[in-house]
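Encoded as C-alpha coordinates, the structure appears first; notes follow it.
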Number of protein chains: 2
Amino acid sequence: MKYGIAIFPSKAVQDIANSYRKRYDPNYALIPPHITVKERFDATEEEIKEITAELHNIAKETKPFPLIIKKVSSFSPVTNTVYLKVEPVEGLIELSNKFYEGIFPNERTYAFVPHITIGQELSTDEHSDVYGSLQMEKFDIHEQVDRFQLLYQLENGSWSVHETFKFGEDC
Amino acid sequence: MKYGIAIFPSKAVQDIANSYRKRYDPNYALIPPHITVKERFDATEEEIKEITAELHNIAKETKPFPLIIKKVSSFSPVTNTVYLKVEPVEGLIELSNKFYEGIFPNERTYAFVPHITIGQELSTDEHSDVYGSLQMEKFDIHEQVDRFQLLYQLENGSWSVHETFKFGEDC
(Lines give C-alpha, C1' and ligand atoms only; values in the text may rest on other atoms or scores of the structure.)
Protein backbone atom coordinates (compact mmCIF):
# COMPACT_ATOMS: atom_id res chain seq x y z
CA MET A 1 0.00 0.00 0.00
CA LYS A 2 1.11 3.58 -0.59
CA TYR A 3 1.53 5.76 2.48
CA GLY A 4 2.50 9.36 3.10
CA ILE A 5 2.89 11.69 6.08
CA ALA A 6 1.38 15.16 6.10
CA ILE A 7 0.64 18.13 8.31
CA PHE A 8 -2.73 19.81 7.84
CA PRO A 9 -2.91 23.51 8.65
CA SER A 10 -5.95 25.03 10.40
CA LYS A 11 -9.33 25.15 8.69
CA ALA A 12 -8.77 28.86 7.97
CA VAL A 13 -5.56 28.14 6.04
CA GLN A 14 -7.09 25.12 4.29
CA ASP A 15 -9.98 27.33 3.16
CA ILE A 16 -7.55 29.94 1.76
CA ALA A 17 -5.56 27.26 -0.06
CA ASN A 18 -8.71 25.64 -1.45
CA SER A 19 -9.93 28.96 -2.87
CA TYR A 20 -6.95 28.72 -5.27
CA ARG A 21 -6.75 24.94 -5.57
CA LYS A 22 -10.32 24.77 -6.78
CA ARG A 23 -9.24 26.48 -9.98
CA TYR A 24 -5.57 25.58 -10.28
CA ASP A 25 -4.90 22.20 -8.69
CA PRO A 26 -6.07 18.97 -10.37
CA ASN A 27 -5.50 17.18 -7.03
CA TYR A 28 -8.05 19.45 -5.34
CA ALA A 29 -10.49 16.59 -4.72
CA LEU A 30 -7.91 13.98 -3.71
CA ILE A 31 -6.65 15.41 -0.41
CA PRO A 32 -7.23 18.53 1.71
CA PRO A 33 -4.53 21.25 1.63
CA HIS A 34 -1.43 19.95 3.39
CA ILE A 35 2.33 20.07 3.90
CA THR A 36 3.92 16.80 2.80
CA VAL A 37 6.57 15.85 5.38
CA LYS A 38 7.24 12.44 3.90
CA GLU A 39 6.62 11.68 0.27
CA ARG A 40 4.62 8.66 -0.83
CA PHE A 41 6.24 5.33 0.10
CA ASP A 42 5.34 1.66 -0.11
CA ALA A 43 4.83 -0.44 2.99
CA THR A 44 3.24 -3.79 3.81
CA GLU A 45 0.77 -4.20 6.68
CA GLU A 46 3.56 -5.66 8.80
CA GLU A 47 5.93 -2.81 8.00
CA ILE A 48 3.31 -0.19 8.74
CA LYS A 49 2.83 -1.58 12.25
CA GLU A 50 6.51 -1.05 12.96
CA ILE A 51 6.42 2.36 11.32
CA THR A 52 3.36 3.35 13.35
CA ALA A 53 5.18 2.45 16.57
CA GLU A 54 8.14 4.57 15.47
CA LEU A 55 5.81 7.47 14.57
CA HIS A 56 4.47 7.34 18.13
CA ASN A 57 8.03 7.62 19.44
CA ILE A 58 8.76 10.55 17.15
CA ALA A 59 5.50 12.32 18.07
CA LYS A 60 6.21 11.87 21.76
CA GLU A 61 9.56 13.62 21.52
CA THR A 62 8.40 16.42 19.19
CA LYS A 63 7.48 19.86 20.55
CA PRO A 64 4.88 22.07 18.84
CA PHE A 65 6.44 24.46 16.31
CA PRO A 66 5.10 27.42 14.37
CA LEU A 67 3.60 27.22 10.90
CA ILE A 68 4.46 30.52 9.24
CA ILE A 69 3.31 31.60 5.80
CA LYS A 70 4.17 35.00 4.36
CA LYS A 71 3.99 34.57 0.62
CA VAL A 72 3.39 32.51 -2.47
CA SER A 73 6.28 30.94 -4.36
CA SER A 74 6.79 28.65 -7.36
CA PHE A 75 8.86 25.60 -8.31
CA SER A 76 9.16 26.94 -11.86
CA PRO A 77 11.11 26.21 -14.03
CA VAL A 78 11.37 22.69 -12.51
CA THR A 79 7.59 22.28 -12.40
CA ASN A 80 4.78 24.78 -12.87
CA THR A 81 3.68 24.40 -9.27
CA VAL A 82 2.60 27.42 -7.25
CA TYR A 83 2.47 27.13 -3.47
CA LEU A 84 2.09 28.86 -0.14
CA LYS A 85 5.68 28.98 1.05
CA VAL A 86 5.97 27.55 4.56
CA GLU A 87 8.90 28.99 6.50
CA PRO A 88 11.46 26.22 7.09
CA VAL A 89 11.52 26.50 10.89
CA GLU A 90 13.85 24.15 12.72
CA GLY A 91 11.10 22.00 14.28
CA LEU A 92 9.53 21.30 10.91
CA ILE A 93 12.82 20.46 9.17
CA GLU A 94 13.91 18.19 12.00
CA LEU A 95 10.57 16.39 11.99
CA SER A 96 10.67 15.73 8.27
CA ASN A 97 14.30 14.55 8.45
CA LYS A 98 13.31 11.90 11.01
CA PHE A 99 10.94 10.36 8.46
CA TYR A 100 13.89 9.63 6.15
CA GLU A 101 16.10 7.94 8.74
CA GLY A 102 16.27 4.59 10.51
CA ILE A 103 13.42 2.23 9.62
CA PHE A 104 11.87 4.60 7.07
CA PRO A 105 12.42 4.27 3.33
CA ASN A 106 15.01 7.02 2.94
CA GLU A 107 15.08 7.96 -0.70
CA ARG A 108 14.09 11.59 -1.14
CA THR A 109 13.08 12.78 -4.60
CA TYR A 110 13.53 16.46 -3.82
CA ALA A 111 15.22 18.51 -1.13
CA PHE A 112 12.61 19.39 1.51
CA VAL A 113 11.01 22.71 0.63
CA PRO A 114 8.02 22.98 2.96
CA HIS A 115 4.97 24.15 1.06
CA ILE A 116 1.22 23.94 0.59
CA THR A 117 0.47 23.45 -3.10
CA ILE A 118 -2.23 25.76 -4.46
CA GLY A 119 -1.70 25.17 -8.20
CA GLN A 120 0.02 22.50 -10.30
CA GLU A 121 0.25 21.07 -13.79
CA LEU A 122 -0.37 24.58 -15.07
CA SER A 123 0.47 25.53 -18.62
CA THR A 124 3.29 28.05 -18.95
CA ASP A 125 0.76 30.80 -19.64
CA GLU A 126 -1.47 29.81 -16.74
CA HIS A 127 1.55 29.66 -14.48
CA SER A 128 2.62 33.16 -15.47
CA ASP A 129 -0.88 34.49 -14.88
CA VAL A 130 -1.44 32.81 -11.53
CA TYR A 131 2.01 33.29 -10.12
CA GLY A 132 2.18 36.80 -11.51
CA SER A 133 -1.00 37.82 -9.73
CA LEU A 134 -0.22 36.05 -6.43
CA GLN A 135 3.47 36.85 -6.22
CA MET A 136 2.90 40.28 -4.72
CA GLU A 137 0.34 39.14 -2.17
CA LYS A 138 1.38 39.18 1.46
CA PHE A 139 0.16 36.59 3.92
CA ASP A 140 0.43 36.84 7.67
CA ILE A 141 -0.26 33.31 8.83
CA HIS A 142 1.21 32.17 12.11
CA GLU A 143 -0.17 29.15 13.88
CA GLN A 144 1.02 26.15 15.91
CA VAL A 145 1.57 22.65 14.58
CA ASP A 146 0.85 20.00 17.21
CA ARG A 147 0.28 16.83 15.15
CA PHE A 148 0.97 14.98 11.92
CA GLN A 149 -1.03 12.34 10.09
CA LEU A 150 -0.20 9.06 8.41
CA LEU A 151 -2.28 8.63 5.25
CA TYR A 152 -2.76 5.88 2.69
CA GLN A 153 -3.75 6.19 -0.91
CA LEU A 154 -6.90 4.64 -2.39
CA GLU A 155 -7.06 3.22 -5.91
CA ASN A 156 -8.73 6.40 -7.21
CA GLY A 157 -5.71 8.44 -6.10
CA SER A 158 -7.39 10.03 -3.07
CA TRP A 159 -5.94 9.83 0.45
CA SER A 160 -7.49 8.49 3.66
CA VAL A 161 -6.11 9.12 7.14
CA HIS A 162 -4.75 6.04 8.91
CA GLU A 163 -3.83 7.75 12.16
CA THR A 164 -3.15 11.09 13.83
CA PHE A 165 -0.01 11.52 15.93
CA LYS A 166 -0.08 14.30 18.51
CA PHE A 167 3.15 15.79 19.75
CA GLY A 168 4.06 14.93 23.33
CA GLU A 169 1.88 11.82 23.35
CA ASP A 170 3.07 8.28 22.85
CA CYS A 171 -0.07 6.41 21.98
CA MET B 1 -17.13 24.85 13.06
CA LYS B 2 -18.94 21.77 11.80
CA TYR B 3 -17.72 18.44 13.10
CA GLY B 4 -18.70 14.83 12.52
CA ILE B 5 -17.53 11.39 13.67
CA ALA B 6 -16.93 8.58 11.22
CA ILE B 7 -15.48 5.10 10.89
CA PHE B 8 -13.45 4.39 7.77
CA PRO B 9 -13.42 0.79 6.55
CA SER B 10 -10.27 -0.83 5.12
CA LYS B 11 -8.74 0.38 1.87
CA ALA B 12 -10.25 -2.68 0.12
CA VAL B 13 -13.78 -1.71 1.17
CA GLN B 14 -13.19 1.97 0.41
CA ASP B 15 -12.05 1.00 -3.09
CA ILE B 16 -15.21 -1.09 -3.63
CA ALA B 17 -17.43 1.75 -2.40
CA ASN B 18 -15.60 4.30 -4.55
CA SER B 19 -16.09 2.20 -7.68
CA TYR B 20 -19.82 2.98 -7.30
CA ARG B 21 -19.54 6.42 -5.70
CA LYS B 22 -17.52 7.68 -8.64
CA ARG B 23 -20.62 7.41 -10.79
CA TYR B 24 -23.46 7.72 -8.33
CA ASP B 25 -22.43 9.91 -5.38
CA PRO B 26 -22.04 13.68 -5.79
CA ASN B 27 -20.12 13.69 -2.47
CA TYR B 28 -17.49 11.38 -3.94
CA ALA B 29 -14.75 14.03 -3.80
CA LEU B 30 -15.67 15.48 -0.39
CA ILE B 31 -14.84 12.55 1.90
CA PRO B 32 -13.60 8.95 1.55
CA PRO B 33 -16.18 6.16 1.98
CA HIS B 34 -17.24 6.00 5.61
CA ILE B 35 -19.83 5.06 8.23
CA THR B 36 -21.20 8.15 9.94
CA VAL B 37 -21.46 7.41 13.66
CA LYS B 38 -22.31 10.97 14.63
CA GLU B 39 -23.99 13.34 12.23
CA ARG B 40 -22.64 16.81 11.59
CA PHE B 41 -22.77 19.08 14.67
CA ASP B 42 -21.58 22.56 15.58
CA ALA B 43 -18.91 23.14 18.21
CA THR B 44 -16.63 26.00 19.22
CA GLU B 45 -12.90 25.50 19.72
CA GLU B 46 -13.48 25.40 23.48
CA GLU B 47 -16.26 22.85 23.19
CA ILE B 48 -14.24 20.64 20.88
CA LYS B 49 -11.46 20.40 23.48
CA GLU B 50 -13.92 19.04 26.00
CA ILE B 51 -15.44 16.75 23.37
CA THR B 52 -11.99 15.48 22.35
CA ALA B 53 -11.25 14.56 25.97
CA GLU B 54 -14.54 12.69 26.16
CA LEU B 55 -13.80 10.90 22.86
CA HIS B 56 -10.54 9.67 24.38
CA ASN B 57 -12.51 8.26 27.33
CA ILE B 58 -14.97 6.57 25.01
CA ALA B 59 -12.19 5.14 22.80
CA LYS B 60 -10.38 3.77 25.84
CA GLU B 61 -13.39 1.78 27.00
CA THR B 62 -14.39 0.54 23.52
CA LYS B 63 -13.42 -2.94 22.33
CA PRO B 64 -12.86 -3.70 18.62
CA PHE B 65 -16.02 -4.97 16.93
CA PRO B 66 -16.68 -6.50 13.53
CA LEU B 67 -17.65 -4.55 10.42
CA ILE B 68 -19.88 -6.88 8.42
CA ILE B 69 -21.31 -6.12 4.99
CA LYS B 70 -23.43 -8.63 3.10
CA LYS B 71 -25.54 -6.59 0.74
CA VAL B 72 -26.64 -3.30 -0.73
CA SER B 73 -29.77 -1.55 0.51
CA SER B 74 -31.63 1.70 -0.11
CA PHE B 75 -33.32 4.45 1.89
CA SER B 76 -35.95 4.80 -0.82
CA PRO B 77 -38.69 6.08 -0.71
CA VAL B 78 -37.36 8.47 2.01
CA THR B 79 -34.32 9.42 -0.09
CA ASN B 80 -32.87 7.88 -3.25
CA THR B 81 -29.73 6.81 -1.40
CA VAL B 82 -28.14 3.44 -2.10
CA TYR B 83 -25.67 2.04 0.42
CA LEU B 84 -23.60 -0.89 1.58
CA LYS B 85 -25.62 -2.10 4.53
CA VAL B 86 -23.44 -2.43 7.62
CA GLU B 87 -24.73 -5.04 10.06
CA PRO B 88 -25.87 -3.29 13.26
CA VAL B 89 -23.61 -5.22 15.63
CA GLU B 90 -23.86 -4.33 19.30
CA GLY B 91 -20.44 -2.66 19.55
CA LEU B 92 -21.21 -0.30 16.69
CA ILE B 93 -24.68 0.66 17.98
CA GLU B 94 -23.37 1.23 21.50
CA LEU B 95 -20.53 3.37 20.21
CA SER B 96 -22.80 5.58 18.14
CA ASN B 97 -25.26 5.94 21.03
CA LYS B 98 -22.49 7.31 23.24
CA PHE B 99 -22.00 10.19 20.78
CA TYR B 100 -25.56 11.37 21.45
CA GLU B 101 -25.38 11.36 25.24
CA GLY B 102 -23.85 13.50 27.99
CA ILE B 103 -21.84 16.44 26.65
CA PHE B 104 -22.62 15.72 22.98
CA PRO B 105 -25.31 17.56 21.06
CA ASN B 106 -27.98 14.89 21.21
CA GLU B 107 -30.48 15.62 18.50
CA ARG B 108 -30.56 12.78 15.99
CA THR B 109 -32.14 13.43 12.59
CA TYR B 110 -32.60 9.79 11.73
CA ALA B 111 -32.56 6.51 13.63
CA PHE B 112 -29.07 5.00 13.35
CA VAL B 113 -28.94 2.71 10.32
CA PRO B 114 -25.25 1.95 9.87
CA HIS B 115 -24.29 2.26 6.21
CA ILE B 116 -21.67 3.28 3.67
CA THR B 117 -23.30 5.46 1.03
CA ILE B 118 -22.46 4.46 -2.55
CA GLY B 119 -25.08 6.53 -4.39
CA GLN B 120 -27.25 9.51 -3.50
CA GLU B 121 -29.35 12.29 -4.99
CA LEU B 122 -30.27 9.86 -7.77
CA SER B 123 -33.28 10.46 -9.97
CA THR B 124 -36.05 7.91 -9.54
CA ASP B 125 -35.01 6.20 -12.77
CA GLU B 126 -31.32 6.16 -11.85
CA HIS B 127 -32.20 4.80 -8.43
CA SER B 128 -34.23 1.97 -9.95
CA ASP B 129 -31.40 1.11 -12.33
CA VAL B 130 -28.61 1.22 -9.76
CA TYR B 131 -30.47 -0.40 -6.91
CA GLY B 132 -32.04 -2.92 -9.25
CA SER B 133 -28.66 -4.08 -10.52
CA LEU B 134 -26.92 -4.09 -7.12
CA GLN B 135 -29.75 -5.50 -5.03
CA MET B 136 -28.97 -9.10 -5.92
CA GLU B 137 -25.24 -8.80 -5.35
CA LYS B 138 -23.79 -10.61 -2.36
CA PHE B 139 -20.88 -9.18 -0.38
CA ASP B 140 -18.81 -11.12 2.11
CA ILE B 141 -16.98 -8.38 4.00
CA HIS B 142 -15.89 -9.06 7.55
CA GLU B 143 -13.22 -6.94 9.17
CA GLN B 144 -12.39 -5.39 12.53
CA VAL B 145 -13.05 -1.79 13.55
CA ASP B 146 -10.43 -0.50 15.98
CA ARG B 147 -10.75 3.29 15.69
CA PHE B 148 -12.97 6.23 14.82
CA GLN B 149 -12.15 9.70 13.56
CA LEU B 150 -13.28 13.20 14.42
CA LEU B 151 -13.55 15.32 11.27
CA TYR B 152 -14.33 18.95 10.53
CA GLN B 153 -15.85 20.43 7.42
CA LEU B 154 -14.10 22.97 5.20
CA GLU B 155 -15.91 25.80 3.43
CA ASN B 156 -15.97 23.83 0.16
CA GLY B 157 -17.93 21.05 1.85
CA SER B 158 -15.02 18.59 2.08
CA TRP B 159 -13.93 16.98 5.35
CA SER B 160 -10.53 17.00 7.06
CA VAL B 161 -9.53 14.68 9.91
CA HIS B 162 -8.97 16.39 13.26
CA GLU B 163 -7.94 13.30 15.18
CA THR B 164 -7.99 9.52 15.22
CA PHE B 165 -9.16 7.69 18.34
CA LYS B 166 -7.98 4.11 18.74
CA PHE B 167 -9.93 1.71 20.92
CA GLY B 168 -8.25 0.75 24.18
CA GLU B 169 -6.04 3.84 24.20
CA ASP B 170 -6.67 6.96 26.19
CA CYS B 171 -4.52 9.56 24.50
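The values are calculated or read from the model by the stated rules, or taken from the named source; none is laboratory data. In this text, all values refer to a predicted model and were calculated from it rather than measured experimentally. Backbone-built Cβ (ideal geometry, glycine too); neighbour counts: all protein chains shown. Heads up: the accessible areas ignore ligands, DNA and RNA and are worked out on the full protein's heavy atoms, side chains in. Shrake-Rupley method; radii C 1.70, N 1.55, O 1.52, S 1.80 Å.
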- Using a Gaussian network model of chain B with C-alpha springs under 10 Å, which one of B:K38, B:K98, B:K49 is most mobile by mean-square fluctuation? B:K49
- Which listed residue (A:V145, A:G102, A:I116) has the Cα farthest towards the positive end of the charge dipole for segment A:93-171, taking +1 on Lys and Arg C-beta and -1 on Asp and Glu C-beta about the Cα centre? A:G102
- A versus B: buried accessible surface, summed, Å² (probe 1.4 Å, to nearest 100): 2200 Å²
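Hey, what number do you get for chain A at 222 nm if only DSSP H runs of n ≥ 4 count, each worth -39500 (n - 2.57), divided across all residues, to the nearest 500? Spell out each step's value before the answer.
Numbers: 4 runs with 51 residues, N = 171.
Estimated from H runs of four or more residues: -9500 deg cm²/dmol.
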- Whole-Hz ³J(HN,Hα) from phi, Karplus 6.51 cos²θ - 1.76 cosθ + 1.60, for segment A:27-43, glycine and proline x: 8, 2, 8, 8, 6, x, x, 7, 10, 6, 10, 9, 5, 3, 9, 8, 8
- Query: Say a label goes 7 Å from Cα toward Cβ at A:N156 in every copy; what distances in nm does this one have to the rest, shortest first?
  - Reply: 1.5
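Compute the relative contact order of segment B:2-166 as a whole-number percentage, counting only Cα pairs closer than 8 Å that sit 6 or more residues apart in sequence.
Answer for segment B:2-166 is 34 percent.
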- Calculated over segment B:24-89: convex hull of Cα atoms, volume per residue (Å³): 136 Å³
- Once amide hydrogens are built 1.01 Å from N within the peptide plane, the residues lying 5 or more places from B:K71 or on another chain with amide H under 5 Å from its amide H are B:K85, B:F139
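Please go through segment A:98-139 and write out the GluC sites (Glu not before Pro) that DSSP classes as loop and that have at most 10 other C-beta atoms within 10 Å.
Numbers: sites: A:E101, A:E107, A:E121, A:E126, A:E137; in loops: A:E101, A:E107, A:E121, A:E137.
In loop regions of segment A:98-139 (DSSP not H, G, I, E or B), the sparsely surrounded GluC sites (Glu not before Pro) are A:E101, A:E107, A:E137.
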- Task: At 7 Å along the Cα-to-beta-carbon direction for both B:A29 and A:E46, put a label point, then send me their distance in nm to one decimal.
- Result: 4.0 nm
- Among B:P66, B:P77, B:P33, whose mean-square fluctuation peaks in a Gaussian network model of chain B (Cα, cutoff 10 Å)? B:P77
- Can you check what the Kirkwood hydrodynamic radius comes to for the protein assembly as shown, Cα pairs only, in Å to one decimal? 21.4 Å
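Multiplying the sequence separation of B:D125 and B:I93 by 0.36 nm and subtracting their Cα-Cα distance, what value in nm do you get?
On the way: separation 32, 0.36 × 32 = 11.52 nm, distance 3.29 nm.
Length gained between B:D125 and B:I93: 8.2 nm.
What do you get for Rg/Rh over segment B:2-166 if you use C-alpha atoms and the Kirkwood form of Rh? Don't jump to the answer; show the numbers that get you there.
Numbers: Rg = 15.9 Å, Rh = 16.5 Å.
Answer for segment B:2-166: 0.96.
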- Query: Which of A:L30, A:L92, A:L67 moves the most in a Gaussian network model of chain A with Cα springs under 10 Å?
  - Reply: A:L30
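Leaving out ligands and nucleic acids, note down the accessible area per residue over segment A:2-166 with a 1.4 angstrom probe, in whole Å².
Values: 7970 Å² over 165 residues.
Value returned for segment A:2-166: 48 Å² of accessible area per residue.
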